[in-house]
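A quick write-up on the structure given underneath.
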Amino acid sequence: MTRSGDDEHARVTSELAFAATIMPTVESVKPWTLGTLDHLRSASPSDGVVAGVELGPVLGEGGMGIVRAATQRSLGRDVAVKTLRDDQNHGLAVSKLLREALITGALEHPNIVPVYDLGLDPRGTPMLVLKRISGVAWRELLEAPELVKRRFGAADPLEWHLRILMQVANAVHFAHCRGIVHRDIKPDNVMIGEFGEVYVLDWGISVSLHDDGTRRLPLASEATDIAGTPLYMATEMFGGEPPDERTDVYLLGATLYEVVVGHPPHRGGSIVEIMSSTITPAPAPEHVPPELVAVWQRAMAYERADRYASAEELRLALQSVLDHRASTRLCSGASTSLAELLAELEKESSAERREAIYNSYGECAFGFRQALEDWPDNEVARRGLREATVAMARYELEHEDPRAARVLLAKLDPPAEDLAQRLRELEERVRHSAERIEALERLDREMDPNAGLRGRTALLVVLGALWVVVPLLVGSFYAASPDYASLFPVPATMLAVVLVGALTLRRSMMRTTLNRSIVGAAALAFFAQMAIHVGSWLARVPPDESQRFILFNWFLISAMMAITVAPRLAIGAVGYLVAYVLASRWFGLRYVLMAGSNALLLVVAFTAFGRRRPPHDGPSRRGDGAPEAKPRAARDRG
């Protein structure tokens, strides 16, 4: 509810003055008027004053009437007496005052000023005795919100004024039930009493919807004159069409518009401009709650059939708005948070920005959910909650977080199919990426040189010591010329040591490709040595020749390991090749050459496999800049 100051008030006042110029100024005295006057003359005392009423000072004057304070002597109570000004004592004014008296007197309602009596003054002009009201015109309170707060303790002036309008609608609905149409509902014709009482005034141009046969009240079917205040009037009131209940509904809607917006719905400096403004809906400011806009737009629909069917229906619509006002306030605050959220989403993303985004989303989502809890049919809150959730789901999809996006999309009813399709595509990409990462991590664990280090070192120590010592022992015990029966147990024993050691240390030795390669190469070497002895024995090759081939066998195995596992082992392979060549020339040195080449391989193996390697330079990074989790193998060294 807004006011634009003295200039706006002056302009509206001038429009109201203009409206008065188009009202009819001449009306012949109707037969029912003459009959009523004759009845009043016969009933009035000789002094021409209403019996038992003592006139007092003037309380106020209007365009045609004057209101005086008076005292009703029989009951000792204060009353008000309304009569015509001296310059308005003509047929139109007399008819209007009598019409107001008869209609108001027929409408006994808490929101309609009671009529106590009707008589004539000494001039023979009608005098209307009414309840004396101490209060102010509603318009004054509309223009002074602070006065409403101070005088009536209203924390929310708009809600207070809406409740005033609901009482006006209640009085108008009562009149409609009695067959009376007001035709001039506006804030100027409503009085607010000292204790907040609401009274609908000025029934002077009202008409009756039903003919009671007395012709005492003008009929709506005959009311084709332009009557009312143009700034509020419905289109049919300009076109000479008979008014009905929905004409008053339009006027109530126009009054609602002024209560909320701050000025009447129709604007213009001429009757043509004002009539033209009735064709299109009155503009609604952005700050006005949509529920109130919907109420006045329906009440002021161009076609009567599209309006509320009754003033009571409009009153119930206002009651519904008030019942949902808490939900509307929550929705308004949540809408502000939604605007902040959308602004945050437009900015560049970062960890700090993500926190701000989720704070804004949490605020607006909470507000919209509370609004819906108070009023499940609050479509503004429902649309706002959906818009916020969709915006967040898009944000998470753009930042490739399928889990967060799925949680958000699960809240949408109905679902957003386009976003659901994007989510499925993202989840498929993430799944493939996870599979690739898992394969790389598995490979990293398999190839980690530090995994199983203790078991590998232990096996190398035991196996290496035996491998160096055994040739020397064999050379001592079988220096003459050993046979195959004495040679075969040596590689068999070494193979058994390898297999038992691998089985005993299987948790370490079987966990990586490197360890498995070492165990496999050693087992293959000793198995091949046994095979050479067996083959040589079957070929009847002398045992000495079989021993010389062993060095070449070890050369092949170590060369294979150098190529496939650790290039450093090429040193050992070269050692075996040299030992093979030297043993071929000086066969008597074979055992020493075996022990020496085995020792060389053992040293090379320890440098290659028996010490901890430094970790990677740093963790790899994902596409979004976040560090990858450290591979499990790097956390679980053995």
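Find the residue count for the range 511-555, including only residues that are out of contact with any helix residue (DSSP H, G or I) (no Cβ under 7 Å at 6 or more places or on another chain), closer than 21 Å to Trp586 by Cα and not β-branched (Val, Ile, Thr).
Looking only at that region, the number is 1.
Scan the range 244-264 for residues that are open to solvent by less than 10 Å² (accessible area, probe 1.4 Å) and either in contact with a Gly (Cβ under 8 Å, 6 or more places away or on another chain) or under 17 Å from Gly204 (Cα atoms) (or both) and jot them down.
Thr247, Asp248, Leu251
Which of the residues spanning the range 393-435 are assigned to a loop (DSSP other than H, G, I, E, B), under 24 Å from Lys347 (Cβ atoms) and open to solvent by less than 80 Å² (accessible area, probe 1.4 Å)?
His399, Asp401, Ala416
With the requirement that a residue be surrounded by fewer than 16 Cβ atoms within 10 Å (Cβ to Cβ) and either within 19 Å of Ala137 (Cβ to Cβ) or among the charged types (D, E, K, R) (or both), what does the range 70-81 give you?
Arg73, Arg77, Asp78
Restricting attention to helices (runs of 4 or more DSSP H) lying wholly within the range 500-617, give those where 2 or more residues are among the aromatic types (Phe, Trp, Tyr), at pLDDT 80 or above and open to solvent by 30 Å² or more (accessible area, probe 1.4 Å). Lay out the reasoning, then the answer.
Numbers: elements: 506-509, 513-538, 543-564, 570-585, 590-609.
By residue number, 513-538, 543-564.
Would you confirm, using the coordinates I've provided, whether Arg383 is in a helix (DSSP H, G or I), at negative phi and either within 11 Å of the chain's Cα centre (by Cα) or of a type in the set (A, V, I, L, M, F, W, C) (or both)? Explain how you work it out, then say what you get.
On the way: in a helix (DSSP H, G or I): yes; at negative phi: yes; either within 11 Å of the chain's Cα centre (by Cα) or of a type in the set (A, V, I, L, M, F, W, C) (or both): yes.
Yes.
I'd like the residue in the range 321-350 that is open to solvent by 80 Å² or more (accessible area, probe 1.4 Å) and of a type outside the set (Lys, Arg) and, out of all such residues, is nearest to Trp296 (Cα to Cα). Don't jump to the end; show me each part of the working.
Filtering the range 321-350 down to residues open to solvent by 80 Å² or more (accessible area, probe 1.4 Å) leaves 323, 329, 340, 346-348.
With of a type outside the set (Lys, Arg) added as a condition, the list becomes 323, 340, 346, 348.
Values: Asp323: 17, Glu340: 31, Glu346: 37, Glu348: 43 Å.
Of everything passing the filter in the range 321-350, Asp323 is nearest to Trp296 (Cα to Cα).
Could you please find all residues in the range 512-567 being in contact with a Lys or Arg (Cβ under 7 Å, 6 or more places away or on another chain) and not β-branched (Val, Ile, Thr)?
Asn515, Gln547, Arg548
For the range 143-173, enumerate the residues that are open to solvent by 60 Å² or more (accessible area, probe 1.4 Å) and under 34 Å from the mean Cα position of the chain (by Cα).
Lys149, Ala155, Arg163, listed by residue number.
Just give me the residues in the range 357-380 being over 12 Å from the mean Cα position of the chain (by Cα) and aliphatic (A, V, I, L, M), in sequence order.
Hit for the range 357-380 is Ile357, nothing else.
Of all the residues that make up the range 462-485, how many are modelled with pLDDT under 75, in a helix (DSSP H, G or I) and open to solvent by less than 60 Å² (accessible area, probe 1.4 Å)? Quick ask: steps written out before the conclusion?
The initial filter retains those residues of the range 462-485 that are modelled with pLDDT under 75, namely 474-482.
With the extra rule that they be in a helix (DSSP H, G or I), the set shrinks to 474-477.
Checking which are open to solvent by less than 60 Å² (accessible area, probe 1.4 Å) leaves us with 474-475.
Residues flagged as modelled with pLDDT under 75, in a helix (DSSP H, G or I) and open to solvent by less than 60 Å² (accessible area, probe 1.4 Å) within the range 462-485 amount to 2.
Of the residues that sit in the range 278-301 and are polar (S, T, N, Q) and open to solvent by 30 Å² or more (accessible area, probe 1.4 Å), which one is farthest from Ser327 (Cα to Cα)?
Among those that are polar (S, T, N, Q) and open to solvent by 30 Å² or more (accessible area, probe 1.4 Å), it is Thr280.
Hey, Glu313 hits all of (1) open to solvent by less than 20 Å² (accessible area, probe 1.4 Å); (2) in a helix (DSSP H, G or I) but one; which does it fall short on?
Of the numbered conditions (1) open to solvent by less than 20 Å² (accessible area, probe 1.4 Å); (2) in a helix (DSSP H, G or I), the odd one out for Glu313 is (1).
Conditions (1) under 22 Å from Gln319 (Cα atoms); (2) part of a helix (DSSP H, G or I), marked per residue:
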site	(1), (2)
Asn170	yes, yes
His176	yes, yes
Gly196	yes, no
Thr224	no, no
Pro230	no, no
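The values are calculated or read from the model by the stated rules, or taken from the named source; none is laboratory data. Source: prediction; values computed, not measured. Every residue, glycine among them, receives a Cβ derived from its backbone with ideal geometry; neighbour counts consider all protein chains shown. Accessible surface areas use protein heavy atoms only, side chains included; no ligands, DNA or RNA. Shrake-Rupley method; radii C 1.70, N 1.55, O 1.52, S 1.80 Å.
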